[in-house]
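FYI, it's all coordinate maths here, none of it is from the lab. Since this is a predicted model, take the numbers as computed values, not measurements. Glycine gets a Cβ as well: all are built from the backbone with ideal geometry, and neighbour counts include every protein chain shown.
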Amino acid sequence: SAVISQKPSRDICQRGTSLTIQCQVDSQVTMMFWYRQQPGQSLTLIATANQGSEATYESGFVIDKFPISRPNLTFSTLTVSNMSPEDSSIYLCSVAGGPNSPLHFGNGTRLTVT
Amino acid sequence: GQNIDQPTEMTATEGAIVQINCTYQTSGFNGLFWYQQHAGEAPTFLSYNVLDGLEEKGRFSSFLSRSKGYSYLLLKELQMKDSASYLCAVSKTGGSYIPTFGRGTSLIVHP
């Protein structure tokens, strides 16, 4: 399976600032996604990162708050903008080879907003 | 939408067998995944069921009944390292097949 490198692994940020999380995959992948996992909760899909076009956001998530880039088939970024303590969570990059393929996850970014 | 239900927490003894159930309600069901997630780590893929029946992989097996909207993950010969959260995830047809995750079952294995 693909090797997924995500950074930073953790960060502590002040409210009102923004953080960009990077996801690098060691091979070209069709599908890349960004998930959020709040403490004690399951994984919630934020958006699908589309190569060369705007990301597809799930209900409750908007581009102004979570801008996403995907310039090629091996790299994506997620920015958490104008952060508040409610954004404290683990953010996970994931990839899949195609429909019906299992998702594989990066190690996540543990974000704390103070 | 989709409703995916799993028990919140289970405990079991080292060496024993444990069954973690998952029920779901969804239209356009495609398949069901099981993932394992250790504390502080990313989820890792365990199994994928599309057809009814049992899929066995070593100590882990996964069962699916499409007509009942039901799956279980069976863990045999439990080891302490099996203490983790187990996530059931359902994918649908007619779209991008991205799975929706349940809240997970925290399994605690004690000596």
Within straight cross-link reach of B:Lys76, meaning Cα distance under 17 Å, which aspartates and glutamates are found once same-chain residues fewer than 8 apart are removed?
-> B:Glu14, B:Glu55, B:Glu56
Please work out the Cα center distance from region A:97-114 to region B:75-111, rounded to the nearest Å.
-> 15
Over region A:1-98, the quotient of the Cα radius of gyration and 2.2 N^0.38 Å is 1.03
Considering only DSSP beta bridges whose two residues both sit in the protein assembly as shown, what percent are antiparallel, to the nearest 5?
-> 90
Could you pull out every one of the aspartates and glutamates with an alpha carbon less than 19 Å from that of A:Lys65, ignoring same-chain neighbours closer than 8 positions?
-> A:Asp11, A:Glu54, A:Glu86, A:Asp87
Cα-based radius of gyration of chain B once divided by 2.2 N^0.38 Å, which approximates compact folds = 1.03
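For A:His104, B:His110, what's the fewest-to-most ordering of other Cβ within 10 Å of each Cβ?
If I rank by nearby Cβ atoms, fewest first, I get B:His110, A:His104.
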Using a 10 angstrom cutoff on alpha carbons, build the Gaussian network for chain B and name the most mobile of B:Leu32, B:Leu75, B:Leu51.
-> B:Leu51
Report the relative contact order of region B:38-101, percent, no decimals, based on alpha-carbon pairs under 8 angstrom and at least 6 residues apart.
-> 21
In whole angstrom, largest first, the equivalent ellipsoid semi-axes that the Cα gyration tensor gives for the protein assembly as shown are 30, 20, 16
Cα centroid separation - region A:23-78 against region B:29-58, whole Å | 22
Would you mind telling me which residue in A:Gly60, A:Gly16, A:Gly98 has the biggest mean-square fluctuation in a Gaussian network model of chain A, where springs connect alpha carbons within a distance under 10 angstrom?
-> A:Gly60
Under 14 Å, Cβ to Cβ, from A:Ile63 - net charge with Lys/Arg +1 and Asp/Glu -1 = -1
Please give the net charge around A:Leu111, taking every other residue with its beta carbon less than 10 angstrom from that of A:Leu111, where Lys and Arg add +1 and Asp and Glu add -1.
-> +1
For B:Lys76, B:Lys92, what ranking results if the residue with the fewest other Cβ atoms within 10 Å of its Cβ goes first?
-> B:Lys76, B:Lys92
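Whole number please: convex hull volume per residue of the Cα set in region B:1-52, in Å³? Could you put the intermediate results ahead of the total?
On the way: hull volume 6.8 nm³, N = 52.
Enclosed volume per residue, from the Cα hull, is 130 Å³.
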Rounded to the nearest 5, what % of the DSSP beta bridges within region A:5-114 are antiparallel ones?
-> 90
Calculate the spin-label point distance for A:Asn50 paired with A:Asn82, positioning each point 7 Å from the Cα along the beta-carbon direction, and give it in nanometres.
-> 2.4
Choice from A:Asn100, A:Asn72, A:Asn82 showing the highest fluctuation, given a GNM over chain A with Cα pairs closer than 10 Å = A:Asn100
Furthest towards positive pole of dipole, A:Gly52, A:Ser101, A:Ser5, structure part chain A, Cβ charges = A:Ser5
Determine how many Å³ per residue the convex hull of the Cα atoms of region A:46-98 encloses.
-> 87
